[in-house]
Amino acid sequence: MVAQAQTRRRIKEIGRQMLLDEGYTAASIASIAEEAGFTTGAFYSNFTSKAQLTLEVLADLQQECQDELADILAAPADADVIDRLHTWCNRLLDSGWPRLELEFALSIRGDDELVATEGDRNREAVNGLAPLIAERLPVPSTGPFAAENVAEMILNMAFGIAVRNVIDPRVTADGIFESIRTVMSAQVADG
């Protein structure tokens, strides 16, 4: 049992790196198993498919991302928080995660069960971000600027930037963060 858990952990670790480096389409089960030092049989003893492995990798990435974001937002609201968010955002754009999300979403679109699972995972991201927003920002409890709606807007904007960055690496989030800095500076000056 310990050996199987170690095998699974190793395949998942190597799979994660290959999926992020090469993308969903290019990273094959055979290449993941070989790089991990196992056979495809060992892969299938631990994962039913590349899609299952990818769902687990994406869930792990999402949780890590949410934890990092919570740590950043736990700091006092000042310009330094914006700088940390900007650095964090750029690191995510460069991580391979956006391409993996996009390729995976496109590859599963004909599989209703996987689409539903992926939709649930994305809904969890909104549900995880909304309480952080409610804690940190003066948002109303209902209406278009309620925490859940703001979380939805932020994630939709982030996903849009990420997709555009996959297509054209010159696309960044720099303009958004510059706008946030400008708004914060204006609030401090008025305040």
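FYI, it's all coordinate maths here, none of it is from the lab. Because the structure is a prediction, the values reported are computed rather than measured. Cβ coordinates were reconstructed from backbone atoms using ideal geometry, including for glycine residues, and neighbour counts include every protein chain displayed.
Between THR172 and GLU13, what's the calculated FRET efficiency when r is the beta-carbon distance and R0 is 41 Å? Round to 0.05. Write down the numbers at each step before the final one.
Details: r = 29 Å, r/R0 = 0.71.
Efficiency, from the Cβ-Cβ distance: 0.90.
For the chain, the membrane-span-like helix rule (DSSP H, alpha carbon extent of at least 27 Å along the helix axis, mean Kyte-Doolittle at least -1.0) picks out 2-22, 50-74, 112-136, 147-167; this says nothing about an actual membrane. May I ask which residue of PHE38, GLY23, VAL2 lies farthest towards the positive end of the charge dipole of the stretch 1-47, with charges of +1 (Lys, Arg) and -1 (Asp, Glu) on Cβ and the Cα centre as origin? Comparing the listed Cα positions along the dipole, VAL2 ranks first. For the chain, the relative contact order works out to 20 percent when only alpha carbon pairs closer than 8 Å and six or more residues apart are counted. Modelled this way, with points 7 Å down the Cα-to-C-beta line, the labels at ILE29 and ASP111 are 1.0 nm from one another.
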